[in-house]
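The values are calculated or read from the model by the stated rules, or taken from the named source; none is laboratory data. A quick note: this is a predicted structure, and the numbers were derived from the prediction, not measured. Every residue, glycine among them, receives a Cβ derived from its backbone with ideal geometry; neighbour counts consider all protein chains shown.
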């Protein structure tokens, strides 16, 4: 069975994240969306709310599980017995960053148990990151309308 984790903060979980999961489901049997707890990041949604939103999105898909974790991603992968780490790539800069992280993970995992995979998002999805969403959210708090992109 091919099991992967898809780690991230997911604050919020975007259409781009959804697209990565959908692509990964074409070659993975199970995906665990791992919400990393990072005390150094200021998040808008508490971890419980993020878990709830993502679980609701995938409530009818038994191949998707949602969990939070507060350890190294490589340790989380080992805990859930995943063989793959799914990461979304938007730009070359993202790829370079992810390869640096993959190199660190390879050094931490001397048995080389984990393979990073980078499914491309659907071509019609914008290259929008959580920082852009965060900026839109801040604007919305000042009375402007916000359109959530966490739903299909």
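Summary table below
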read-out: Flag for residue 48 being in contact with a strand residue (DSSP E or B) (Cβ under 9 Å, 6 or more places away or on another chain), at pLDDT 80 or above and loosely packed, with under 14 Cβ neighbours inside 10 Å; value: yes
read-out: Contacts under 6 angstrom Cβ, first residue in region 75-104 being free of Cβ contacts under 8 Å to residues at least 40 places away in the same chain, partner part of a helix (DSSP H, G or I) and exposed (fewer than 15 other Cβ atoms within 10 Å of the Cβ), 6 or more apart; value: 89/95
read-out: Number of the exception - residue 43 against (1) touching a residue at least 40 places away in the same chain (Cβ under 8 Å); (2) assigned to a loop (DSSP other than H, G, I, E, B); (3) closer than 15 Å to residue 13 by Cα; value: (1)
read-out: Residue match in region 75-82 (condition: part of a helix (DSSP H, G or I), more than 20 Å from residue 22 (Cβ to Cβ), touching a strand residue (DSSP E or B) at 6+ places or on another chain (Cβ under 7 Å) and modelled with pLDDT of 80 or more); value: yes
read-out: Test result for residue 56, surrounded by fewer than 17 Cβ atoms within 10 Å (Cβ to Cβ), at pLDDT 95 or above and part of a helix (DSSP H, G or I); value: yes
